[in-house]
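Trainee: I am attaching a structure below and will ask some questions about it afterwards.
Throughout, read-outs are computed from the coordinates displayed, never taken from laboratory work. Please read all numbers here as calculations on a predicted model, not as lab measurements. In this analysis, Cβ positions are derived from the backbone assuming ideal geometry, glycine residues included, and neighbour counts consider all displayed protein chains.
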Amino acid sequence: MSNGIYLFYLIACIPAIVGLILFLKSKQVAWQEWAICSAVAFVVSGVMHITAFYGMTDDIEMLSGQITSVTYSPAWSEFYTETHTRTVGSGKDAHTEVYTDTHTAYHPNHWDVHISYGEVQNDVGIDQSFFNEVKGRFGGSVSRTGRQAGWHGGMCTGGDRHNYSTDNATGYVYPTTKTQHFVNKIKAAPTVFSYTKVPTNIQVHAWPASGNWLQSSRVIGAPVTPRAFDLMCSRLGPSKLVNVVLINFGSQASSIAQWQEAAWVGGKKNDLVLCYGSSGTNTTWSRVFGWTERDVCKRNLESILLKHSVDDTILPLVEAEIKASYVIKDWTKFDYITIEPPMWAYIVLIIMMISTQIGLWCYALTNAMSKEDNPYGSY
């Protein structure tokens, strides 16, 4: 933990100490009020600690996978009961009663796909037309299963309690993508891995975070079919944990690839970015960057880009090289990096601390509670 983080909680000690003095000096302050105000101070510091840390280090990476099955859940009606308690009567006659309510719920037709990203599995809701398309391309065979998720242990009073699934019997591939968050200390702290800020007159590409989970935008300017590229990634993603990006910079000098690397802070956790320049169908230069335990993979890919035409025919060579030599970086090796909170975090913390403590202590000093109201708080 950095010294800056300790300072967050040292700031919280100030109102706690001031509150203790008020508790000792004023009969209007009960120990519960001092305890609550002190706890709120540390909660505020904790919230700012988490906000500052994750605000600086939060990042996303892209996973590649494919649809493995589709499921149809027919509409059904559910009957269920809920148990509640209530207090009836007053004074000595007050007592607790237990009662139950009965409810009905209607669950409409639902279709979804099951996607495998290797170790990560995901279900995505779809419409009926896409369900029928996938079902047809997967062979159309249907297996019936009992309703499990979504049944809530209730009774099916109408409709169909079964699910109907279709697995992939034909081998047809629907490549998919998914983004997930990770902690990236590299972009948050100055280290030997830090990059120079890209000048405003240098035009680089934004990271291709496609909003379409069925088609990525990882091919930038290159004459490569997006589906062919995504199919390659759907095979490499689960097995090698890699996200491949291809960028054609055309007639620009090779230095643009270094600026692109700086703009992306070396790439996301699992990125392997293939950059090249071109003149017509010829490759004029190549540079590959990304976090990996074996730089030989990047050098070999640079040679492949230089020696072959960059089109769909190069993809089997790229895939074979990544399968043979790519090893994703072990990001636990960056755990030693300490994160110093920015100045704005301290300013916001002090403002929040002052405003919350003034409000709480004004209430504590003016409400009806006092030490005499609490025998355990007498001093």
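Trainee: Determine, for each peptide in 63-71, 318-326, 178-186, the mean count of other beta carbons within 10 angstrom over its residues, then list the peptides with the highest first. Provide the component values of the computation, followed by the final result.
Mentor: Details: 63-71: 21.3, 318-326: 17.3, 178-186: 15.7.
In descending order of packing, they fall as 63-71, 318-326, 178-186.
Trainee: How would you order 239-248, 294-303 from highest to lowest mean count of nearby Cβ atoms within 10 Å?
Mentor: Numbers: 239-248: 21.9, 294-303: 16.6.
Top to bottom by mean Cβ count within 10 Å: 239-248, 294-303.
Trainee: Working only with C-alpha atoms, what are the Rg and Dmax values of the stretch 64-167, expressed in angstrom?
Mentor: Expressed in Å, the Cα Rg and Dmax of the stretch 64-167 come to 20.6, 71.
Trainee: Note down the relative contact order for the chain as a percent, whole number, built from C-alpha pairs under 8 angstrom at least six residues apart. Each step should come with its number before you reach the end.
Mentor: Details: 656 pairs, mean separation 75.8, N = 379.
Computed value for the chain: 20 percent relative contact order.
Trainee: Now, a different point. Among VAL40, TYR99, PHE8, whose Cα projects farthest towards the positive end of the dipole of the chain, with charges put on the beta-carbon of Lys, Arg (+1) and Asp, Glu (-1)?
Mentor: Going by the Cα projections, it comes out as PHE8.
Trainee: Under a 5 Å amide H to amide H cut-off, with H placed in plane at 1.01 Å, what residues pair with SER69 once short-range neighbours are removed?
Mentor: Amide H to amide H, under 5 Å and 5 or more residues apart or across chains, SER69 pairs with HIS114.
Trainee: Within the chain, which complete DSSP H helices have Cα atoms spanning at least 24 Å along the helix axis and a mean Kyte-Doolittle hydropathy of 0.5 or higher?
Mentor: Details: long enough: 3-25 (33 Å, 1.96); 31-57 (39 Å, 1.03); 343-366 (35 Å, 1.64).
Correct list, ordered by number: 3-25, 31-57, 343-366.
Trainee: Principal axis lengths of the chain from Cα atoms, whole Å, largest first?
Mentor: The Cα atoms of the chain stretch 88, 62, 32 Å along their principal axes.
Trainee: Let me ask something additional. Among SER255, VAL245, SER286, whose Cα lies farthest out toward the positive end of the dipole of the stretch 231-303, if unit charges sit on the beta carbon of Lys, Arg (+1) and Asp, Glu (-1)?
Mentor: Going by the charge dipole, the pick is VAL245.
Trainee: Let me ask something else. As an exercise, find the ratio Rg/Rh for the stretch 210-368 from alpha-carbon atoms, using the Kirkwood inverse-distance average for Rh.
Mentor: Details: Rg = 23.5 Å, Rh = 18.5 Å.
For the stretch 210-368, the value is 1.26.
Trainee: Would you mind calculating the relative contact order of the stretch 64-167 from Cα pairs under 8 angstrom and at least 6 residues apart, reporting the percent as a whole number?
Mentor: Details: 203 pairs, mean separation 39.6, N = 104.
Once divided by the residue count of the stretch 64-167, the mean separation gives 38 percent.
Trainee: Among bridges DSSP assigns within the stretch 192-334, what percent are antiparallel (round to 5)?
Mentor: Details: 9 of 17 bridges.
Around 55 percent antiparallel, to the nearest 5.
Trainee: Any idea what the dipole of the chain comes to, in debye rounded to 20, about its Cα centre with Lys/Arg Cβ at +1 and Asp/Glu Cβ at -1? Write out the running numbers ahead of the final one.
Mentor: On the way: 28 positive and 31 negative charges, 155 e Å.
So the magnitude is around 740 debye.
Trainee: How large is the translational diffusion coefficient of the stretch 174-236 in µm² per second when you combine the Kirkwood radius over alpha carbon pairs with Stokes-Einstein at 25 °C and 0.890 mPa s? Could you put the intermediate results ahead of the total?
Mentor: Details: Rh = 14.5 Å.
In µm²/s, the coefficient rounds to 169.
Trainee: Still on this model: Calculated from DSSP H runs of 4 or more alone, at -39500 (n - 2.57) each and per residue, what is the 222 nm mean residue ellipticity of the chain, nearest 500? Numbers along the way, then the final one.
Mentor: Details: 8 runs with 132 residues, N = 379.
About -11500 deg cm²/dmol.
Trainee: Taking the Cα centre of the stretch 192-334 as origin, work out the dipole magnitude from +1 charges on Lys and Arg Cβ and -1 charges on Asp and Glu Cβ, in debye rounded to 20. Before the final figure, lay out the partial values.
Mentor: Working: 15 positive and 11 negative charges, 56 e Å.
Rounded to the nearest 20 debye, it is 280 debye.
Trainee: Once Lys and Arg get +1 and Asp and Glu get -1 on their Cβ, which of TRP76, SER129, GLY139 lies farthest toward the positive end of the dipole of the stretch 64-167?
Mentor: Of the listed residues, the answer is GLY139.
Trainee: Over the chain, what is the percentage of antiparallel beta bridges among all DSSP beta bridges, to the nearest 5?
Mentor: On the way: 57 of 65 bridges.
Within the chain, antiparallel bridges account for around 90 percent of the total.
Trainee: Could you work out the relative contact order of the stretch 1-132? I mean the mean sequence separation of Cα pairs under 8 Å and 6+ apart, divided by the number of residues, in percent. Show your work: numbers first, answer last.
Mentor: Numbers: 159 pairs, mean separation 26.3, N = 132.
Relative contact order for the stretch 1-132 comes out at 20 percent.
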